[in-house]
C-alpha cells in the first residue's frame, strides 16, 4: 500500500502520550523503550518478525534538504511504496501535538519526538526518511548525534527558485491542502542558509549526496 508523504506511520510514541508530563530525558527514554517493547510484543503475537540489521542490508537514513515548497514531500511520496521505508515528518508530529502543521510553539517537543521515531525505525532495520527542510548545518549535525551506528547516511537535495517555492505554497494553501503556511520572509532566510549547503559540506558531514 502506498503511503502519502505526510501519512502517519507506526511509531513508538503514540498520540495519547501526555508530552507535557514527561519530566526529564531519562524518563522520556524509559517511556520510549517501554512502548517499543509493547510494540515488539504485539508484532510478535501477530506473526510479524522484527527485521534484523545486517551489514549487507544496513538501514539508510535519508535527510531531505531544501526550502519549503521545493518538492520534498512530492519526492517522498514516490519513495514510500517500499514497505521497509518509513517517513518521519516533523510537520505531522506538530499537527499531532498542537492540531496545526503551522504551529511553531512546541518545536522542542516536535523534534524530540521526531528523533526518537527515527532512532526506533533504524533500530528496527527500516530505512527512514526525515521529511524536513534541514538547511541549517548545525541542526543537521546535532540531529545525527545519537543515531544508531552502522547506518547509511544520505542527503537528497532539492534546488528550486524561492519565488517558485512561494508560488507553490500559496497555490497549495488556496486549494486547502494541509501544509505548513510558511511566510515569504522565512523562505528567503532559509534560502540564504540553503545556498551555503554545498555537496562538499554535506560530504564532510558524512552524507552521500543523492
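The values are calculated or read from the model by the stated rules, or taken from the named source; none is laboratory data. This is a predicted model, so every value here is computed, not measured. Cβ: placed from backbone, ideal geometry, glycine included. Neighbour counts: every protein chain shown.
Could you list, in sequence order, all residues of the stretch 125-150 that are in a loop (DSSP other than H, G, I, E, B), on the phi < 0 side of the Ramachandran plot and within 16 Å of the chain's Cα centre (by Cα)?
To start, the set of residues in the stretch 125-150 that are in a loop (DSSP other than H, G, I, E, B) comprises 125-126, 131-136, 145-150.
Imposing the further condition that a residue be on the phi < 0 side of the Ramachandran plot reduces the set to 126, 131-133, 135-136, 145, 147-149.
Across the stretch 125-150, the qualifying residues are 126, 131, 132, 133, 135, 136, 145, 147, 148.
Exactly one of (1) closer than 24 Å to residue 187 by Cα; (2) in contact (Cβ under 8 Å) with a residue 12 or more places away in the chain is unmet by residue 100. Its number?
Unmet for residue 100, out of (1) closer than 24 Å to residue 187 by Cα; (2) in contact (Cβ under 8 Å) with a residue 12 or more places away in the chain: (2).
Give me the residue from the stretch 82-100 that is surrounded by fewer than 19 Cβ atoms within 10 Å (Cβ to Cβ) and assigned to a loop (DSSP other than H, G, I, E, B) and, out of that set, modelled with the lowest pLDDT.
Here the answer is 82.
Within the stretch 156-173, can one find any residue that is part of a strand (DSSP E or B) and closer than 17 Å to residue 208 by Cα? Can you show your working first?
At the first step, the residues of the stretch 156-173 found to be part of a strand (DSSP E or B) are 156-157.
Subsequent filtering for residues that are closer than 17 Å to residue 208 by Cα retains 156-157.
Taking every residue of the stretch 156-173 in turn, at least one turns out to be part of a strand (DSSP E or B) and closer than 17 Å to residue 208 by Cα.
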